[in-house]
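The values are calculated or read from the model by the stated rules, or taken from the named source; none is laboratory data. Treat the numbers as computed from the prediction; the structure is a model and nothing was measured. FYI the Cβ positions are ideal-geometry reconstructions off the backbone, even for glycines, and counts take in every protein chain you see. Calculation scope for accessible area: heavy atoms of the full protein, side chains included, ligands and nucleic acids excluded. Shrake-Rupley method; radii C 1.70, N 1.55, O 1.52, S 1.80 Å.
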Amino acid sequence: MAKLSEKIGYALGDAAAGGITWKIMSIAFPLFFTNVFGLTFTDTATLMLIARMFDVFTDPIMGSLADRTQSRWGTYRPWLIFGAVPFGLIFALLLYTPDMGYAGKRIYAYTLYLLMMAVYTMVNVPYGSLLGVMTENDNEKNQFSSFRMVGAYAMGFVTLLSFPYLQKMVGGTEAHQYAVLGAGFGVVAAVMTLACGLMTKERLKPVRAEKFSFKQFADLVKNKPWIYLTLIGVCTNFFNGFRYAVAGYMLTYCLGGEITISGLIINYTVFMTFGELTCMIFGGLSPKFTEIVGSKSKAFIVAAIICAVFSVAFFFVPMDSAYIWVMVALVVLTSVGIGLYSPLLWSMYADVADYATEKNGSSSTGLIFSSGTMSQKFGTAISGSLVALFLGLAGASMTTDDMGNTIVDPASITDSVLNMIWSLFSLFPAVIAAIIIILILKYPIKK
């Protein structure tokens, strides 16, 4: 039986990856790249799309490589221990805006973004795979997965809530603020990742396929549960991806920017913080909820229905800052569903890994969990790319200010653009939630 300290250590891994780096990349990067760094909507969309195609190759390769790692620290833990510093450093550099022309900044952004995706894969695929070798007890897997989600959402809550206050504390230009906060959060992410690698244990030894073989990949595409779960994973991240990527535009343009109520600053990061807190609470309740409902599949369906219903409801809220607390309430209610299904997804990947080992006679835990990381990055960044693309199609465009910086043209923010922003936060995710329900009904493993 794993100690509480080990579960906390495991939670630190996703507190760093999911609660700091990925949360900032999901919610701040679309707005950062267009409004601060100065890329056009087209370049921002293209950057995220290219990075996703890059991940299609790197994630499964990393999973296969991790499965074959043998060291004094284990199979998966050494990637966390030795990847922690590059992970934090490259994240910090990505939030730095260099003083160079547009062509140079575009090269910088593309290079650093691709490096960040690579190092994220190097750390996060082995991190997810750890769940398959820390315990063979299904209930304990659910507990580890729940701790993971609570860690991610708790740190996400801290990150998003503190962001605007830290910006004001740092002062200076927005570019300076992002650079300083990137360095600070990068250090915290590196320390947490290292702590995760040192505090966890690998109790189970994978049944290794020591030599690389494409048969492992062939077996994977024949694995029906894996196919369905990967599609479900992509959809859950599309659901969150649209909401997080468009939140900055929604607060900035639909609601007129930062809102201050009784001393509380509500900008786009704080707005989504209410959801993070809810996800943290219900992520912790997810194992008990699953036990009451009777199976992971049933619990997932209920959670997805909650997400769909309250996403549709958000669309009908008036586009007026006077209704901010109604919007917050709907974000909270939607996040109940997200919090309930998030731990289930990673526990279900462990089920699929066990199924594959039993069927094929060798472990492909790292390869299978790599698809979870790939679907996370694919769903989140493609949705971010689509947000930039859809806003461009709706009429949003870029212009140059008096200092020669590329900025969003205020004159291009028409009713068509505003309605697109509102729909991307509500109706688009609702459709994705409906697709999740259909996929879960077809998912073959009924634990």
Just reorder Y153, Y108 by solvent-accessible area, largest first, 1.4 Å probe, all chains present. Y108, Y153
Got a sec? Charge dipole of segment 1-160, +1 on Cβ for Lys and Arg, -1 for Asp and Glu; which of F41, T135, Q70 is way out at the positive end? Q70
The percentage of the accessible area of the chain (probe 1.4 Å, all protein chains present) made up of carbon and sulfur atoms, to the nearest whole number, is 68
Solvent exposure ordering (accessible area, 1.4 Å, most first) of D43, D320: D320, D43
List the relative contact order of segment 69-143 as a percent without decimals, with contacts defined as Cα pairs under 8 Å and 6+ residues apart. 41
Which residue, chosen from I259, G83, Y96, occupies the Cα position most advanced towards the positive end of the dipole of the chain, where the dipole is computed from +1 (Lys, Arg) and -1 (Asp, Glu) charges on Cβ about the Cα centre? G83
5 Å is the cut-off here: which amide hydrogens, built 1.01 Å from N in the peptide plane, fall below it relative to I259, excluding neighbours closer than 5 in sequence? I266, N267
Provide the per-residue ³J(HN,Hα) series for segment 191-200, in order, calculated from phi with Karplus coefficients 6.51, -1.76, 1.60 and θ = phi - 60°, each as a whole number of Hz, with x at glycine and proline positions. 5, 5, 5, 4, 4, 4, x, 7, 8, 9
Apply the Karplus curve 6.51 cos²θ - 1.76 cosθ + 1.60, θ = phi - 60°, to the phi angles in segment 429-440 and return the couplings in whole Hz, x for Gly and Pro. x, 4, 5, 4, 4, 5, 5, 4, 4, 4, 5, 5
Please give the per residue accessible area of segment 233-349, computed with a probe of 1.4 Å over protein heavy atoms only, in Å². 32
How high is the relative contact order of the chain? Use alpha-carbon pairs under 8 Å, at least six apart in sequence, and give a whole percent. 29
May I ask you to derive the relative contact order of segment 29-116, considering only C-alpha pairs under 8 Å and at least 6 residues apart, and to give it as an integer percent? 31
What's the angle, to the nearest 10 degrees (0 to 90), between helix 102-134's Cα axis and the longest principal axis of the chain? 30
Which angle between 0 and 90 degrees, to the nearest 10, do you get for helix 77-94 versus the longest principal axis of the chain when only C-alpha atoms count? 10
How do Y228, Y268 rank by accessible surface area computed with a 1.4 Å probe, from largest to smallest? Y228, Y268
So what's the angle, to the nearest 10 degrees on a 0 to 90 scale, between helix 268-293 and the longest Cα principal axis of the chain? 30
Nothing charged except the Cβ atoms of Lys and Arg (+1) and of Asp and Glu (-1): what's the magnitude of the dipole of the chain about its Cα centre? Round to the nearest 20 debye. 1520
Rounded to the nearest 10 Å², the accessible area of I61 at probe 1.4 Å: 100
Theoretical ellipticity at 222 nm over the chain - DSSP helices of four or more residues, -39500 (n - 2.57) apiece, nearest 500: -25500 deg cm²/dmol
Need one value: the accessible area of K296 in square angstrom, 1.4 angstrom probe, rounded to the nearest 10. 10
